[in-house]
Amino acid sequence: MDKQLITLRVNGEVHELAIPVHKTLLEVLREDLHLTGTKHGCELGECGTCTVLVDGQPVLSCLALAVEWQHRDIVTVEGLADGPRPHPLQQAFAELGAAQCGYCIPGTLLTAKALLDHNPRPTRQEIKEALSGNLCRCTGYIKIIEAVERAAQRMAAQTAFAESAAR
Amino acid sequence: MADKTPFSIVGKPLPKVDAWAKCAGETIYADDLNLPRMLYGKLLRSPHPHAIIKRMDTRRARALPGVHAVITGEDLPIKFGILPVSQDEEALAREKVRYIGDPVAAVAAVDEETAEEALKLIDVEYEPLPAITSIDEALAQSENRIHEYNKVGNIQKAVALEFGDVEEGFAEADYIREDIFFYQGSTHLPMEQHAAVAAYGPDGKLTLWSSTQTPHYVHRALAKVLEMPPSHIRVIATPVGGGFGGKSDPFSHEIVAAKLSMLTGRPVKITLTREEVFYAHRGRHPVLMWVKTGVKRDGAITAMHFKTFLDGGAYGSYGVASTYYTGALQTVTYKIPRYKFEGMRVFTNKPPCGPKRGHGTPQPRYALEVHLDKIAEDLGLDPVDMRRRHLVDENSLTVNWLRITTCSLKACIDKVIEASGFRQKFRRLPFGKGVGFACSSYLSGAGLPIYWNHMPHSGVQIKIDRGGGVAVFCGSIDIGQGSDSILAYVVAEILGIRPEDIRVVTADTDLTPVDLGSYSSRVTVMTGNAAMEAAEKLKDLLLTVAGEKLEVPKNRLVAVDRRIFDAEDPERSISFVEAVQLAEARFGTLGSVGSYKPPESPGKYKGSGVGPSPSYSYTACVAQVDVDPETGLVTVEKIWIAHDIGRSINPLLVEGQVEGSVYMGLGEALMEEQVFRKGLHKIPSMLEYKSPTTLEMCDVETFIIEKPDPHGPFGAKEVGQGPLLPVPPAVANAVYDAVGVRIDEVPITPEKVLKALEAKARGEDGRYGPSRIPDVAFPAPTTVDVPPEWQPAIVAEGTS
Amino acid sequence: MLRLPPFTYYAPARIEDAVKILADYGPDAMVVAGGTDLYPNMKRRQFEPKIIVGLRQIRELHRINGDAKTGVTIGACVTLAEVSQHPAILASYRGLARAAGLVANPQIRHMGTLGGNLCVDTRCNYYDQTLFWRQALGYCLKKDGAICPVAPGSQRCWAVTSTDTAPVIIALRATLRLVSPRGERLVAASDFYRDDGIHYLNKEADEILTEILLPPIDGLKTTYWKLRRRGSFDFPVLGVAVALAQEGERCRDVRIVTGGVNSRPMEMTEAERILIGERITPDLIERVAQAVYRPVKALDNTDFVPLYRKKMAPVFVKRALRELLGWPIQETPDGHTSAAG
């Protein structure tokens, strides 16, 4: 079995690993880096549960070869918080009960982060479109969408505050 | 919502106690466990729907490097099953396989890939038998038996109950209508695939971590099959990544992981693939239904006769209970003075069906609510008024002896009718747009346990630390519904502290008192009551010492915000921590227990065990749809739904359960199908089994109707399952309002709508649905004396 | 966890190197771009190549050049998300942007590429299943079996073309650039597909699709309509691409191409003939739409019952044309209109 030395940058940390080339990013994150916050629901790209960010865009880690995504900026749910401070999305999801069983939440949070990073004030329809690749069986998505809206408002307020403070 | 309650925690939209971990990705689900020296298990499954196992040879698999154990049915010969009456499952099939996916052998190896390779090296010789894949085939091929233990052919269970003389009731009717409906099977599709890790130690003790809704029942099954004392087995239910009923049975992979660990002396993990989850199933039964109802001109029901035929799949699972449930709850919404129910579950060579959200009741509820909609139209009555006029009374018994306590269905109806503008829309919207209405009810926990015993259904222990920290121990398992949080809220409310002061320890058979599990919407009511009892005992100790210290009578003391104070002079107070230390000095180590057992059911007939509950929740629902007459495509634009919760302990969680139920109801109403071709699952994948995305989910306006029920903690009733029930019939009724065709079969797909529209255009019946039920005799019904209020003379007086 | 079978992986930086690796290893090697089609198929053991040649590192495959006047050239590894959002494509080749934007879901559009979507494997619910499932079935003609369970009497494979972008590319009269050890060749998009579920592309195993060349738009308006159960995730089980050029009230040119039915995208030439050169009226649109019913072949191997998919073809063609004409999508007695699919 071909093993290859690879370099992955995950949540800002650089990891050097010797892995079989046919391992997916999902498997490497969970089994080699023990970052089990990234979940899996089908391993075929059919549910969105394993979503992580690569260079700020949501991708399915179950369909990504780890060797193909070296030297890119990978973010998992473990990398969302700012030290002990939850990301505004995490805060809003917790406050509004957007996580029921919680299993789809890591992937959903990351997809939502990509949305807000590119579109800080999305409409409800834009949120639905952006999250349409993340299945959730518990919530009916309603609290999830509301939480994204709340986080967007807070982040916008923070940005406005930071900008006014900088002036 | 304005705060009118006397509570400081109850009724507040607080975050769940596990919310932060879940949003940080820190929650450890079963497949996230990784123990030193852990092996990986895989199950070999039958590729035949029905076959005799002629020969099995595992030698080549054993010889593969990296393989540590290979087992077959001979290693686990004892049968098990969730219900005592249907102990018909083997962890690994021994003589015969009964569905494609039935496990026959298992391997433990150093990694999943090696285990997978080893499975290919197990030689199994099968002798295929004819496969039975439908209700009709099951009834026709009575000699080709799937099981031997049931009495007749492939009929696992046939029940017949008659409450009062229905023929007499039909004779009194002004109008009688019969209808036939079919509700397709569907599966839970939890996002988390089932997983279990077993670790057997040199001390002869076994620990199993599993994604299960019923750790107590898994504990019992393991003890039975492994022939070990239960005291040497510890079952820990890990946080469940979605259950919906699909993780309520003891499963093959749990028992196999345990056995493989015992044989290898190493931890063993088995995680099912998504495809295997479709085979594990235990989902919604496909049910064919026939209903006949007699009514007076004003819509008052004089009698109802209901027949159900359940396609059960290959094993018993909860099926006997499911069968009774298809007939039990018709009576708890509208007054039905005479009622006859005949139900039948057949075995087929498909994955076993079982309990899915609403367990056996969404199918008849769909039939009933569409049937009533048709009756209202036939009689020229308003479908809302007709129902609303004949609702059950509070504090009454139904004709089948179910005890109604509180019922706020009328308030629910009024709320959704007003909010949706139903009266301005019904039969008045342009062609293609429509509104539909339906009601429902569900139990707040099954009145009886799954195995016969007199012990509590739920137990809670509380210990208090000198620093004021409170630990709550309970066997309940949080499957996302928030049961851990409910324990914290209830105890915090009573002790006058904050939920964050409480550590909740749950679902560990070594550490926590038994709770029967997260099924039948029982957890808030039962663990809540048990927690209240335990907390009240401790509060009494704390108030005793506080009263002495403050020189205030105990009954004047109030515990709120981590203080205990005199209600008449709030300045006179001590802190919670001080009270705790005084109490420990006075009484010794502080701890207490509480337990809960539902009230005994008044029904005493055979079959009366299914249906009773401490209380019933009620739901009313209006759906607004757009139907594209050219494509048949149904878009649900909005759902208005009001739910009688009794008391909302946390409105956020209640809304979440309502919204999730609406979602799952819409999936079943519009697109989800667990379907087979010659016994082979047609679409065992997340892509082809259609689970609605954000784009299919409609807006939902939820109304929480509160009127405390005497049997619930702070008056709470259930919410996890009931709100699913009215959604499919409300959608079906709305489709009729929109384009004038009746879709008497769920799911309501564009194909069916278009066919019905085409039929209507040809001048035929604008309907899609089944036209016949099997010609099969039910046993003579058990005739049950009706409660006094339903004795004919009194009924006559009541309706005159 | 479903896992990939082992293989050796190459990530050449130049097309020539990729071509050479393919030539060296022959049928044991497969190329991968986004991986969203190949990897699931490999996990289900529909393919078990010993060599994978990743195209992601080849810079020139990621470029978009040109404009509506001169034509636009799109590298095969441009992602579907980029295609759907690119200003020039959005402005002038709207049907392509729309088709790309309707593929699967947002994550897959960030990974999957235009080249990959054009080459996406034909699909069939007897074929897109795990090894275990296919073994229980007894396999099928497309992989390891002797008969096609969809139509056991027939000698061919009926797997369905499932690319969203190909119908639009064909309607645009695009050209594809293929590179192999023998050099490069240009092939008309319409000639790229074959009516065979197994050998569904006119592409040799050692050829790599490198570029998609869109001709100048020349007054064409394009759209794409897609039938599927859900608004996300699902492959098309009927796709309709229409390109229309008007001259006053008359139709100067029209191309109508279906996908998601048959084994290849089909140009509906009979329907086109009815419309070209004629004054466009609602009745004529209706006739055009009806003309697509007969050539559409739908069998019971995807979501939706086959007859329904066939019946929807005229409806979708009609709606696509009405959309391009700026008419209400749907005419009903009360003027009720419905949104695009």
So which residues of the stretch C:1-18 lose at least 40 Å² of accessible area, probe 1.4 Å, when you go from the chain by itself to every protein chain present? C:Met1, C:Leu2, C:Arg3, C:Leu4, C:Pro6, C:Phe7, C:Tyr9
In the stretch C:204-231, which residues become less accessible by 30 Å² or more once every protein chain is in place, relative to the chain on its own, using a 1.4 Å probe? C:Arg229, C:Arg230, C:Gly231
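Just to be sure I understand: if you take the accessible area of chain A alone plus chain B alone and subtract the pair, with a 1.4 Å probe, what total do you get in Å², rounded to 100?
Approximately 3900 Å², summed over both chains.
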If you average the alpha carbon positions of the stretch B:215-242 and of the stretch B:326-402, how far apart do those two centres end up, in angstrom? 36 Å
Test of understanding: express the Cα radius of gyration of the stretch B:182-248 as a ratio to 2.2 N^0.38 Å, with N the residue count. 1.31
Mean other chain Cβ within 10 Å across B:662-668 is 2
Using only alpha-carbon positions, what ratio does the radius of gyration of chain C give when scaled by 2.2 N^0.38 Å? 0.99
In nm, to one decimal, how far is the B:Asp510 label point from the A:Ala157 one, both placed 7 Å along Cα→Cβ? 4.6 nm
Radius of gyration and maximum dimension Dmax of the stretch B:544-628, Cα, Å: 24.2, 74
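Given R₀ = 56 Å, what would the calculated FRET efficiency be for B:Arg59 paired with B:Lys638, taking r from the Cβ atoms and rounding to 0.05?
After rounding to 0.05, the efficiency reads 0.35.
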Shape metrics for the protein assembly as shown, restricted to C-alpha atoms - Rg then Dmax, Å: 31.3, 102
What value, in deg cm²/dmol to 500, does the helix sum -39500 (n - 2.57) over DSSP H runs of n ≥ 4 give at 222 nm once divided by the residues of chain B? -8500 deg cm²/dmol
So if I place +1 on the C-beta of Lys and Arg and -1 on the C-beta of Asp and Glu, and nothing else carries charge, what would the dipole magnitude of the stretch A:81-154 be about its Cα centre? I want it in debye, nearest 20. 100 debye
Among A:Ala162, A:Tyr103, A:Ala147, which residue has its Cα furthest toward the positive end of the charge dipole of the stretch A:88-166, with +1 on Lys/Arg Cβ and -1 on Asp/Glu Cβ? A:Tyr103
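Please sort by residue number the trypsin sites (Lys or Arg not before Pro) in the stretch B:291-345 whose DSSP state is loop and whose Cβ has at most 13 other Cβ atoms within 10 Å.
Within the stretch B:291-345, the qualifying trypsin sites (Lys or Arg not before Pro) (loop, at most 13 other Cβ atoms within 10 Å) are B:Arg297.
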Tell me: how much accessible area in total is hidden between C and A, 1.4 Å probe, Å², nearest 100? 2700 Å²
Can you list the lysines whose alpha carbon is less than 20 Å from that of C:Lys69, not counting same-chain residues fewer than 8 positions off? C:Lys221
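Report, in debye and to the nearest 20, how large the dipole of the stretch A:3-79 comes out about its Cα centre when Lys and Arg carry +1 and Asp and Glu carry -1 on their Cβ.
Around 60 debye, computed over the stretch A:3-79.
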Excluding B:Asn144 itself, calculate the net charge of residues whose Cβ lies under 14 Å from the Cβ of B:Asn144, where each Lys or Arg counts +1 and each Asp or Glu counts -1. -2
Quickly rank C:322-328, B:746-752, B:489-495, B:434-440 as a protection proxy: mean count of other C-beta atoms within 10 Å, highest first. B:434-440, B:489-495, B:746-752, C:322-328
Local electrostatic count at B:Ile413 - Lys and Arg +1, Asp and Glu -1, tallied over other residues with Cβ under 13 Å: 0
If you take the square roots of the eigenvalues of the alpha-carbon gyration tensor of the stretch B:437-478 and sort them as a ≥ b ≥ c, do you get rounded (a/c under 1.5), prolate (a/b over b/c) or oblate? oblate
With the Cα gyration tensor of the stretch B:635-769 in hand, give its eigenvalues times 5 under a square root as the equivalent ellipsoid semi-axes, listed largest first in whole angstrom. 33, 19, 13
For B:Glu637, enumerate residues with amide H under 5 Å from its amide H, sequence gap 5+ or separate chain, H modeled in the peptide plane. B:Gln624, B:Val625, B:Asp626
For C:Arg252, the residues 5 or more places away or on another chain with a placed amide H closer than 5 Å to its own amide H are C:Ala245, C:Gln246, C:Glu247, C:Gly277
Could you give me the radius of gyration and the Dmax of the stretch C:70-154, taking only the C-alpha atoms into account and expressing both in angstrom? 17.7, 54
For chain B, with +1 on Lys and Arg beta carbons and -1 on Asp and Glu, the positive-most of B:Gly299, B:His371, B:Leu35 along the dipole: B:Leu35
To the nearest hundred square angstrom, how large is the accessible surface buried between C and B, total for both chains, probe 1.4 angstrom? 3200 Å²
Per-residue mean of C-beta atoms belonging to partner chains within 10 Å, peptide A:126-133: 6
Residue-averaged 222 nm ellipticity for chain C, from DSSP H runs of 4+ at -39500 (n - 2.57), nearest 500: -8000 deg cm²/dmol
Largest first and to the nearest Å, give the Cα extent of the stretch A:3-79 along each principal axis. 30, 23, 19
In terms of solvent-accessible area of protein heavy atoms at a 1.4 angstrom probe, what is the ranking of B:Trp290, B:Trp209, B:Trp452, B:Trp20, highest value first? B:Trp452, B:Trp20, B:Trp209, B:Trp290
Of the residues B:Val552, B:Pro602, B:Ala579, the Cα lying farthest along the dipole of the stretch B:540-609 towards its positive end, which is defined by charges on the beta carbon of Lys, Arg, Asp and Glu, belongs to B:Pro602
In order over the stretch A:154-167: 3J(HN,Hα) from phi, Karplus 6.51/-1.76/1.60, θ = phi - 60°, whole Hz, x for each Gly or Pro, gives 5, 5, 5, 5, 4, 4, 4, 5, 4, 5, 5, 5, 6, 6
In debye, nearest 20: dipole of the stretch B:65-221 around its Cα centre with unit charges on the Cβ of K, R (+) and D, E (-)? 600 debye
Give B:Lys120/B:Lys678; B:Lys151/B:Lys606; B:Lys433/B:Lys760; A:Lys23/B:Lys682; B:Lys79/B:Lys157 a once-over and call out the pairs whose C-alpha atoms are over 21 Å from each other. B:Lys120/B:Lys678; A:Lys23/B:Lys682
Which loop trypsin sites (Lys or Arg not before Pro) in the stretch B:51-141, with loop taken from DSSP, have no more than 11 other Cβ atoms within 10 angstrom of their Cβ? none
For the stretch A:2-146, what is the per residue volume of the convex hull drawn over the alpha-carbon atoms, in cubic angstrom? 102 Å³
How long, wide and thick is the stretch A:88-166, going by the Cα atoms along their three principal axes, in whole angstroms, largest first? 43, 23, 17
How would you classify the stretch B:9-138 from its alpha-carbon gyration tensor, with a ≥ b ≥ c the square roots of the eigenvalues: rounded for a/c under 1.5, else prolate if a/b is greater than b/c, otherwise oblate? oblate
So with the 1.4 Å probe, I'd like the accessible area per residue for the protein assembly as shown, rounded to whole Å². 34 Å²
Given a 1.4 angstrom probe, I'd like the percentage of the accessible area of the protein assembly as shown that is carbon and sulfur, rounded to a whole number. 51 percent
Loop-resident trypsin sites (Lys or Arg not before Pro) in the stretch B:173-270 with no more than 13 other Cβ atoms inside 10 Å, DSSP not H/G/I/E/B, are none
Report D for chain B in µm² per second (integer): Stokes-Einstein, Kirkwood Rh on Cα pairs, 25 °C, 0.890 mPa s. 89 µm²/s
Quick one: which residues, 5 or more positions from B:Gly517 or on another chain, have an amide H under 5 Å from its amide H? H modelled 1.01 Å from N in the peptide plane, none for Pro or chain starts. none
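The values are calculated or read from the model by the stated rules, or taken from the named source; none is laboratory data. Everything numeric here is computed off the predicted structure, so don't read it as measured data. Note that we place each Cβ from the backbone using ideal geometry, even for glycine, and neighbour counts take in every protein chain shown. Areas reflect the complete protein model, heavy atoms only, side chains present, ligands, DNA and RNA absent. Shrake-Rupley method; radii C 1.70, N 1.55, O 1.52, S 1.80 Å.
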